[in-house]
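Peer 1: Below is the structure I would like to discuss, written out as structure tokens.
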Amino acid sequence: MNQMYKAAVIDLDGTLLNDERKVGLKDLQTLQELENENIYRIVATGRSLFSINEVIPGDFPIDYLIFAAGAGIMNFRTKEIIKSHHLIAADVKNIANKLCELKIDFQIRAEIPESHKYVYKRFFYNNPDFDRLNNLYKDYSEKLSEGYKYGNATRFIAISPKSDIVNIISEEFSQFGIIRASSPIDNKSVWMEIYPQDVNKGSSLKYLCNGLNINLSETIGLGNDYNDIDFLKITGRSYVVENSPKILKKTYLNTVSNNENPLSEIVKDNFNL
């Protein structure tokens, strides 16, 4: 295929990162080659800025970062946060009260740039993924206490080992932006994330491309999970890796697994490099 794209948009966990949470050497080389051809390299991830720093260095060869599943956009070269979104305090309180009524384990993530910090509510059923995450972030999290003063927040993350959480959250909070994701911790539990309306990786990509004077038809996308759908729906040519859920593999073009340098494979097919 000879069409020249102007930007490559890539998910991080389970896509650009392999199972050891590293980027393949061939894909690193491909990122450098894209820079040489003046093609924008955009990573779109659900991770917070803090969590991103745990897996890629500050000089990683990309141009822009869409993080917190679209709640923030950063110029990765200058580290300037171009845009961020948050839930207002009144909505945060109402959402928290409803999740408590439903007895769903949840976190309230602080505003960007500190969205790795959170308060949480834990109920009394088996949810090992939630506990693992709290253990990983024990220095940045605390239990939601009685009389807690609610402020603005980047997002809620509700975690459950049961798939029925998808319908419950979608129905109860339809006035907000709802994003489903598979757990990056155990790859099994369902994470339902609650944002302001219309906040997702796709809407942030539209905003970024508009500022860069890039038509969405001139972008190519690569993802692996449900929270990538919003940008895969709008990129000019969209791929998912082999390790994606079956429903995504039926909808988008397929490429190799995240352990086999998938970025290099799609670049080989679509760019004149």
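Nothing in this text is a laboratory measurement; each read-out follows from the coordinates by a stated rule. Source: prediction; values computed, not measured. Here Cβ is always computed from backbone atoms with ideal geometry, including for glycine, and neighbour counts include all displayed protein chains.
Peer 1: Which of CYS100, THR45, GLY177 sits closest to the plus end of the dipole of the chain, meaning its Cα is farthest towards the positive end, when Lys and Arg get +1 and Asp and Glu get -1 on the C-beta?
Peer 2: The residue sitting farthest along the positive end of the dipole is CYS100.
Peer 1: For the chain, with only Lys/Arg (+1) and Asp/Glu (-1) charged at the beta-carbon, what is the dipole magnitude about the Cα centre, in debye rounded to 20?
Peer 2: 440
Peer 1: A further question follows. For a distance above 16 Å, tell me the whole-number percent of Cα pairs in segment 89-195 that qualify.
Peer 2: When every Cα pair of segment 89-195 is considered, 54 percent fall beyond 16 Å.
Peer 1: Per residue Cα convex hull volume for the chain, in cubic angstrom?
Peer 2: Cα-based convex hull of the chain, divided per residue, equals 122 Å³.
Peer 1: For segment 64-123, state what percent of all Cα-Cα pairs lands in each successive 5 Å bin, counting from 0 Å until the bin that includes the largest distance.
Peer 2: Distribution as computed: 4, 16, 23, 20, 15, 10, 7, 4, 1 percent.
Peer 1: State, in angstrom, two size descriptors of segment 119-273 derived from its alpha carbons: Rg to one decimal place and Dmax to the nearest whole number.
Peer 2: 18.1, 60
Peer 1: Then there's this: Round to the nearest 0.05 the FRET efficiency obtained for GLU114 and ASN272 when R0 = 41 Å and r is the Cβ-Cβ distance.
Peer 2: 0.45
Peer 1: So how much slack lies between GLN197 and SER170, counting 0.36 nm per residue of separation and subtracting their Cα-Cα distance, in nm?
Peer 2: 8.5 nm
Peer 1: What FRET efficiency comes out for the pair LYS206/ASN254, r = Cβ-Cβ distance, R0 = 25 Å, nearest 0.05?
Peer 2: Computed FRET efficiency for LYS206 and ASN254 comes out at 0.50.
Peer 1: Taking the chain as a Gaussian network, Cα atoms linked when under 10 Å apart, which of LYS22, LYS149, LYS138 shows the biggest mean-square fluctuation?
Peer 2: LYS149
Peer 1: Give the calculated FRET efficiency between ASN38 and ASP186 to the nearest 0.05, with a Förster radius of 51 Å applied to their Cβ-Cβ distance.
Peer 2: Plugging the Cβ-Cβ distance into 1/(1 + (r/R0)^6) gives 0.80.
Peer 1: Size of the dipole of segment 89-195 about the Cα centre, Lys and Arg at +1 and Asp and Glu at -1 on the beta carbon, nothing else charged, in debye to 20?
Peer 2: Magnitude of the dipole: close to 120 debye.
Peer 1: To the nearest Å, what is the center-to-center distance of segment 1-75 and segment 203-253, using C-alpha atoms only?
Peer 2: Between the Cα centre of segment 1-75 and that of segment 203-253, the gap is 13 Å.
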